[in-house]
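Only one structure is covered here, and it is reproduced in the block below.
The values are calculated or read from the model by the stated rules, or taken from the named source; none is laboratory data. Note that the structure is a prediction, hence the values are computed from the model and not measured. Quick reminder, even Gly has a Cβ in these numbers, built from the backbone with ideal geometry, and neighbours come from all protein chains shown. Accessible surface is based on the protein model in full, side chains and every heavy atom, while ligands, DNA and RNA are left aside. Shrake-Rupley method; radii C 1.70, N 1.55, O 1.52, S 1.80 Å.
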Amino acid sequence: MKNRINQLFEKKKKNIFSVYFTAGFPNLNDTVKIIQQLEKNGVDLIEIGIPFSDPTADGPTIQKSSEIALKNGMSLNLLFEQLKEIRQSVSIPLVLMGYFNPVYQFGVNNFCKRCNEIGIDGTILPDLPLDEFEAEYKSTFEENNLHNILLITPQTSEERIRQIDEASTGFIYMVSSSGTTGAGKKVEDFQKDYFERIKNMNLKNPSVIGFGISDNATFANACKYANGAIIGSAFVSSLKSEFKLEDSISEFVKKILSSD
Amino acid sequence: MKYQVNEKGYYGEFGGAWIPEMMYTNIDELKRRYLEIIESDDFRNEFNQLLKDYVGRPSPLYFARRLSEHYGSKIYLKREDLNHTGSHKLNNTIGQILLAQKLGKTRIIAETGAGQHGVATATVCALKGIKCVVYMGALDVSRQAPNVKKMKMLGAEVIPVYSGNKTLKDATNEAMRDWIANPVDTHYIIGSVVGPHPYPDMVARFQSVISAEMKKQLLEQTGSELPTRVLACVGGGSNAAGAFYHFLDEEKVELIGVEAAGKGIHTTETAATLTVGSPGVLHSSKTMLMQNDDGQITEPYSISAGLDYPGIGPLHAHLHKTGRAKFLAATDEEVLQSVLLLTQKEGIIPALESAHALAALEKIEMKPDDVNVVNLSGSGNKDMETYLNYFGY
Ligand SMILES: Cc1ncc(COP(=O)(O)O)c(C=O)c1O
C-alpha cells in the first residue's frame, strides 16, 4: 500500500492541518478517542507524541503533558497496544513523534515493524540526526514503509536544506522560529524572510510549518508559505481532563479553521 | 591514541552528536573550528597565561604524609581545590570563554549542579564582561546556597529549574532549550565531558592540564612521571578525564574512577551510572545511562550535587567497557567519613564530590611503595552546611 503521507500530499496541496498531542494525556486511555475525534473534525495528519522524561526540544506545555502522561503510566509498549486496531476506524496519516532513547530501548527494528503492522506512516525523532539515521536505520525504515520526517530551522544553511530535501521522503518539518531575531529585525519580518526563502528554494518535498502555531491567524499565515501547519502546544493546552474530549476537540479545530 | 575520540565523535561505541536539527548549526561550527582555535598560538598564549596568573596554576601535587601513614601507601593529592573559585571547573570555563569570544558569541549559558561550574562560568563572564545565565535545579539552589549568592554577586542571572528531580539533569535540559531558542548570539559552556561531540573532547583537552602537571610534578617528587594509580571522582567525568588524560596510553598506570553510590548501588537512591546503567541516548550523547526498560531516564540520587547525574561522559563509558579504567562507587556514608579523615589528618576540607575519590582508598589494595594520586577536584567550602549538620559541630 502506498504510504498515506504521500497520498495526502498528492491529493491536497494547501492548508494541510496537522495536530500533535501527547499520548497518555490528559488520561492514559484517551489516545484512540483523540485520534478519532481529530479525524472526524477534519484534521489531515496527526502526530502522536511518545512521552519522554527529558524532552529537551519541547517547551513547558509539552514538558508538562509528557510528565503527566508518564505518571499516568504511558509507555511505548502500551501505546502500540492502544493503537493496535486504529486502522479499523481511522484512515488519515499517523506519525509517531518522540525522542530517540525510548525507541532505541524498544529496538529500532522492532519499533519499525510494529509501526508497519499497525499502520503508522512516519516518525519524527528530533534527536536522531540525519547522519546516524542514514548510516544505521534508513533501510529498516524503508522496509517498513515508514517515512522519517526531518526538520529544518531558520538557521539551517541552504546547503544543508538541499541535503535534507534529498534525504526526505514524506514531507519537511519547518521549525518556524528560534525565538531570536536577525540583526535589528522584528520576529515577524525575520520569519517572513525565512518562510519566503524556503518557498523560493522550490524543494522537491512538501513542507509543513510547526512550532508557535497557535490560532487561526498563525495557521493561515503559515499556510501561505507551506503546504500546511502543525499545532502542538496550543492543542495540548486545550485538553483538560474535566472537559468532554469530543466537545473541546471540535471547538478547537473549528476555531483554527474559521476564516475570521 | 587508542582512547581518543574519532572523527565522528565516538569513543568506541559511545559518544556522537545526537542533536536535534535546531542545534546543528552551532554544533557543526564548534566541530569544524574547535581544534583550529584551541591549537592556535593566540589562543594557547592567552589560555596558558590565564591558567597561570588567574587560576593560579600549576596546582600543587601534595604528598599527604599522615594520610599515607594511615593507609600504609604513598598518597599524593592534586590540589585542584586551590584553584581560583575552588575547583577544577575553571580550567574548562577559561578555555570555553576564550573559544566563545573567537566564535563571536556575546551571551553565555551554563548548567550547574553543585554550583562550582556555575561559579566558574560566572567568573570568566565577569572577567570578560559577557552576559551570563546559569540554570540550576531548584533542589541544588537550596543545597548549594553560598554558590548561588556568589554567582549573583558575579553578575550572573541564576534561573532555578523546577522540572524532574530539580537537579543537574533538569538544569542541563533547560540550558539546551535556551540554546535552541537563542542559537545566534549564545555559546553554551557545558561543565563536564558530556553532551554532543565535540564537547567531551574539548572539555577533556581543557582539563588535561591536570595530568600534564601531574607528570612533571611526579617526576620531580618521585623520580618517575608515572604513578601506580590515579583516582578521581566521576559525575560527568571532567576532573577524571583531566586527571587520566596523559596516562591513558600508559597502560600500566591504573586508572580508577569513583561514582556516587548514594544510599547504595542496590537501592534506587544512587547515581552510580556505570554500575546500574545501560547504553542509551541522553543530552545528545550515546552513553551509559540510568533508565528503566521503557527508556525513560530514572532520577539519580547523591548527597553530592555535582555527582547527582544519571549519565556519564562517553569517554568513561568507553574506558569502562574496554577495562582501561576501573570504576568503583562510594556511598554518602563512606564519603562523609573520608571527608572527616582528610580534614583531621591533613587539615584539608575536601568537596563532597572529591571525597568520593578519597573513599575509594578504603576499597583498593595498595602496596607500601605504590604511588597513588588522588585528584582533589574541589574545596569543601561550599559543603560546610552539610558537614556541620552531619557532624554536629
Ligand atoms: C569539586 C567537584 N568535583 C567534581 C565534580 C563533578 O564533575 P566532573 O565529574 O565533571 O568532574 C563537581 C561538579 O560540580 C565538583 O564541583
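Where both residues lie in the protein assembly as shown, what percent of DSSP beta bridges are antiparallel, nearest 5? Approximately 20 percent, going by the DSSP bridge assignments. Between A:Thr31, A:Ile198, A:Ala222, the Cα set farthest toward the positive side of the dipole of chain A (charges on each charged residue's Cβ, about the Cα centre) is that of A:Ala222.
Using the Cα coordinates of region B:262-364, the gyration tensor eigenvalues translate into equivalent-ellipsoid semi-axes of 26, 15, 11 Å, sorted from longest to shortest. At q = 0.15, 0.16, 0.21 Å⁻¹, what log₁₀ I(q)/I(0) does region B:1-152 have when each alpha carbon counts as one equal point scatterer in the Debye sum? At q = 0.15, 0.16, 0.21 Å⁻¹ the computed log10 ratios are -1.01, -1.10, -1.32.
A simple count of charges around A:Thr22, restricted to other residues whose Cβ falls under 11 Å of its Cβ and scoring Lys, Arg +1 and Asp, Glu -1, yields -3. Here the protein assembly as shown exposes an accessible surface that is 49 percent carbon and sulfur, computed with a 1.4 Å probe and the other protein chains kept in place. Calculated FRET efficiency, A:Glu117 to B:Glu39, Cβ-Cβ distance, R0 = 56 Å: about 0.60 to the nearest 0.05. Across peptide A:128-140, the mean count of Cβ atoms from other chains lying within 10 Å of each residue's own Cβ comes to 2.
Please report the antiparallel percentage of DSSP beta bridges with both residues in chain B, rounded to the nearest 5. In chain B, DSSP labels about 30 percent of beta bridges as antiparallel.
Using C-alpha pairs under 8 Å with a sequence gap of at least 6, the mean separation divided by the residue count of region A:1-60 gives a relative contact order of 40 percent. Using a 1.4 Å probe over protein heavy atoms, the accessible area lost on pairing B with A, summed over both chains, comes to approximately 2700 Å². Among A:152-159, B:325-332, sorting by the average number of other beta carbon atoms lying within 10 angstrom of each residue, highest first, gives B:325-332, A:152-159.
For the listed residue pairs B:Lys31/B:Lys382; B:Lys149/B:Lys382; A:Lys12/A:Lys255; B:Lys2/B:Lys286; B:Lys345/B:Lys367, the alpha carbons are over 23 angstrom apart in B:Lys31/B:Lys382. Accessible surface area normalised per residue over region A:64-139 is 39 Å², counting heavy atoms of protein chains with a 1.4 Å rolling probe. All alpha carbon pair distances within region A:132-260 were sorted into 10 Å bins beginning at 0; the resulting P(r) in whole percents reads 11, 35, 31, 19, 4. Look at the stretch A:98-107: the mean tally of other chain Cβ atoms within 10 Å of its residues' Cβ atoms is 6. Site pair B:Glu157 and A:Ser248 shows an inter-label distance of 3.2 nm when each label is modelled 7 Å from Cα along Cα→Cβ.
Once C-alpha pairs closer than 8 Å and six or more residues apart are averaged by separation and normalised to the residue number of chain B, the relative contact order reads 20 percent. Qualifying GluC sites (Glu not before Pro) in region B:320-393, where qualification requires a DSSP coil assignment and no more than 14 other C-beta atoms within 10 Å, comprise B:Glu365.
Panel note: the C-alpha atoms of chain B, placed on their principal axes, show extents of 55, 45, 42 Å (largest first). If you bin all the Cα-Cα distances of region B:106-164 at 10 Å, starting from zero, the percentages per bin are 29, 57, 14, 1.
Here, the protein assembly as shown is characterised by an Rg to Rh ratio of 1.00, where Rg is the alpha-carbon radius of gyration and Rh the Kirkwood radius. Taking 7 Å steps out from each Cα toward its Cβ at B:Lys367 and A:Lys12 produces label points 7.7 nm apart. Using the rule -39500 (n - 2.57) for each DSSP H run of four or more residues, divided by the residues of chain B, the 222 nm mean residue ellipticity is -12000 deg cm²/dmol.
Comparing B:Thr85, B:Thr322, B:Thr273 in a Gaussian network model of chain B (Cα springs below 10 Å), the most mobile by mean-square fluctuation is B:Thr322. A Gaussian network model of chain B, with springs between Cα atoms under 10 Å, assigns the largest mean-square fluctuation among B:Tyr135, B:Tyr162, B:Tyr76 to B:Tyr162. Averaged over the residues of peptide B:12-24, the number of Cβ atoms from other protein chains lying within 10 Å of each residue's Cβ is 6.
With the convex hull drawn around the C-alpha atoms of region A:16-255, the volume per residue stands at 120 Å³. Unpaired cysteine residues in chain B (no second Cys Cβ under 4.7 Å): B:Cys233.
Of the peptides B:28-38, A:69-79, B:228-238, the order by per-residue mean of other Cβ atoms within 10 Å, starting with the highest, comes out as B:228-238, A:69-79, B:28-38.
As a length-normalised measure over Cα pairs under 8 Å and 6 or more apart, the relative contact order of chain A settles at 22 percent.
When the Cα positions of A:Ile48, A:Ser241, A:Ser91 are compared along the charge dipole of chain A, A:Ser91 comes out farthest toward the positive end, with charges on each C-beta of Lys, Arg, Asp and Glu.
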